[in-house]
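Reading through the structure tokens given below for one structure.
The values are calculated or read from the model by the stated rules, or taken from the named source; none is laboratory data. As the structure is a prediction and not an experimental result, all values here were calculated from the model. Neighbour counts are summed over all protein chains in view; Cβ atoms, including those assigned to glycine, are modelled from backbone coordinates with ideal geometry.
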Amino acid sequence: MDYSELVYAIKNGDTQTANERCAEAIPILKKYLMSTLDASNEDAEDAVQVMFEYVIPKIQQDEINSPSGLLSYMLTGARHSYYKICRDFDFDQYEEIQEDLVSEAEQAWNLINEEKELILEKCLSKLKNHYRELIEFLFDHPAAVPDDIAEYFNISLNNAWIRKHRAIQQLNECVKKIF
């Protein structure tokens, strides 16, 4: 992208063109920070904003003479702004966000949950159709009470209690065998 238009717009006070060219540059600069420095979207946006607050006055004061080198200058400025944001992080607020920063090993739990899901699917496939349908109904409607089951499957309340109990019992036995 040619940034000479941005330089000329800023120097000539053409706010509309300058805003348009800045708007075109923002996603490029944000992606650069996010991909190379692993910056969050919000931090990248803040760093780019701070960089423009620094670069625009430099252009207005004729301190940046080469429009062809402006992209490199903006990338460097955005990177330095991001480093400054990281450096100036307020650790006094750390206690407030500590719970967010310290979490269990999510990846391991995801693997365990995937394994449990596979076991459950295998056991569900072994159930008789009416038990499997009942369990799937319970997964879709976790707050369902026996009255809801009886109404949905058009069976008696007593039959709903018995089917639910038997379906859960068979599912539980299957899962225990696999573990």
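Each row is one residue, and each column tells you yes or no for (1) at pLDDT below 85; (2) among the basic types (Lys, Arg); (3) exposed (fewer than 13 other Cβ atoms within 10 Å of the Cβ).
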position: ALA39; (1), (2), (3): no, no, no
position: ASP46; (1), (2), (3): no, no, no
position: VAL55; (1), (2), (3): no, no, no
position: SER66; (1), (2), (3): yes, no, yes
position: GLY69; (1), (2), (3): yes, no, yes
position: TYR73; (1), (2), (3): yes, no, no
position: GLY77; (1), (2), (3): no, no, no
position: SER81; (1), (2), (3): no, no, no
position: ASP88; (1), (2), (3): yes, no, yes
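For THR17, the criteria (1) touching an Asp or Glu at 6+ places or on another chain (Cβ under 7 Å); (2) within 19 Å of ARG87 (Cβ to Cβ); (3) β-branched (Val, Ile, Thr) hold in every case but one, which is (2).
Taking the options ILE168, ILE149, ILE155, ILE162, name whichever one is surrounded by 12 or more Cβ atoms within 10 Å (Cβ to Cβ) and closer than 25 Å to ILE112 by Cβ. Among ILE168, ILE149, ILE155, ILE162, only ILE168 is surrounded by 12 or more Cβ atoms within 10 Å (Cβ to Cβ) and closer than 25 Å to ILE112 by Cβ.
Taking residues in region 49-71 that are touching a residue at least 60 places away in the same chain (Cβ under 8 Å) and assigned by TED's automatic domain parsing to the domain that holds TYR82, and partners anywhere that are of a type in the set (Gly, Ala, Ser) and in a helix (DSSP H, G or I), the pairs with Cβ atoms closer than 7 Å and at least 6 places apart or on different chains are PRO67/SER4.
Based on this model, can you work out whether ALA18 counts as surrounded by 12 or more Cβ atoms within 10 Å (Cβ to Cβ), within 33 Å of the chain's Cα centre (by Cα) and hydrophobic (A, V, I, L, M, F, W, C)?
Values: surrounded by 12 or more Cβ atoms within 10 Å (Cβ to Cβ): yes; within 33 Å of the chain's Cα centre (by Cα): yes; hydrophobic (A, V, I, L, M, F, W, C): yes.
For ALA18, the condition - surrounded by 12 or more Cβ atoms within 10 Å (Cβ to Cβ), within 33 Å of the chain's Cα centre (by Cα) and hydrophobic (A, V, I, L, M, F, W, C) - is met.
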